[in-house]
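The structure appears below as structure tokens.
The values are calculated or read from the model by the stated rules, or taken from the named source; none is laboratory data. This is a predicted model, so every value here is computed, not measured. When we count neighbours, we look across all protein chains shown, and the Cβ atoms used for this are built from the backbone with ideal geometry, even at glycine. The accessibility values were calculated without ligands, DNA or RNA, using every heavy atom of the protein model including side chains. Shrake-Rupley method; radii C 1.70, N 1.55, O 1.52, S 1.80 Å.
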Amino acid sequence: MADDTKKTDSTVDFGILNTLIGYRLRRAQMNFFSKFSEVCSDLGISPGLFAIIAIVERNPGLTQTAVAQALGNDRSAMVSAVDKLEKMDILKRRPAKNDRRSYALFMTKYGETFFQTLSARVMEHEQSMATRLKGENELEWLLETLDTLSQR
């Protein structure tokens with residue numbers, strides 16, 4: 001007869017999963033995104049939208065395609081994300097100077113102010129999560145390691 005005792009996350013044997021870098025990264029990402037949502041959902045911003053805004057804020061005039069490529073996003077998903085950000089009056093599209101078939105992205109005046117508020121929240125969230133690490137050296141090591149793992 002099988003043991004019908006319900007297991008909780010703390011009693012589940014994850015076996016091989018706990019030895020997999022990808023699985024552990026995904027669990028950490030899910031935790032970060034969950035906390036991000038708690039901090040930014042009232043503003044209607046997801047981690048993906050934040051990334052787009054952050055790229056455009058530092059690189060005004062990039063095309064939607066260039067932003068999608070920089071973030072490793074699907075071009076088709078980018079259109080709906082930019083539509084949402086445009087409706088929120090955070091970004092605006094203009095025809096690209098070198099390719100009239102493409103749109104360049106820029107922050108609106110409201111978007112610039114909004115980004116300052118949003119960035120402050122995100123940085124507070126990041127600092128809160130980073131306090132789990134043991135000192136600045138561990139944070140530096142983690143960031144360098146993630147950069148290494150991100151290279152193709």
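So here's what we get for this one:
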| item | result |
| --- | --- |
| Residue among Leu118, Leu149 that alone is farther than 22 Å from Ser41 by Cα, in a helix (DSSP H, G or I) and touching a residue at least 40 places away in the same chain (Cβ under 8 Å) | Leu149 |
| Residue list for the stretch 31-43, restricted to those being open to solvent by less than 100 Å² (accessible area, probe 1.4 Å) and of a type outside the set (S, T, N, Q) | Phe32, Phe33, Lys35, Phe36, Val39, Cys40, Leu43 |
| Residue, most open to solvent (accessible area, probe 1.4 Å), within the stretch 75-91, restricted to residues that are among the hydrophobic types (A, V, I, L, M, F, W, C) and in a loop (DSSP other than H, G, I, E, B) | Met88 |
| Flag if Pro95 is open to solvent by 70 Å² or more (accessible area, probe 1.4 Å), without any contact (Cβ under 8 Å) to a residue 60 or more places away in the chain and within 24 Å of Arg121 (Cα to Cα) | no |
| Leu49 being open to solvent by less than 70 Å² (accessible area, probe 1.4 Å) and touching a Leu at 6+ places or on another chain (Cβ under 7 Å) | yes |
| Residue check for Asn73: under 18 Å from Thr113 (Cα atoms) and out of contact with any strand residue (DSSP E or B) (no Cβ under 6 Å at 6 or more places or on another chain) | no |
| Every residue from the stretch 55-74 that is hydrophobic (A, V, I, L, M, F, W, C) and surrounded by 16 or more Cβ atoms within 10 Å (Cβ to Cβ) | Ile55, Val56, Leu62, Ala66, Val67, Ala68 |
| Residue tally, condition open to solvent by less than 60 Å² (accessible area, probe 1.4 Å) and part of a helix (DSSP H, G or I), over the stretch 121-138 | 5 |
| Qualifying residue in the stretch 70-84 (condition: closer than 21 Å to Phe50 by Cβ and of a type in the set (Asp, Glu)) | yes |
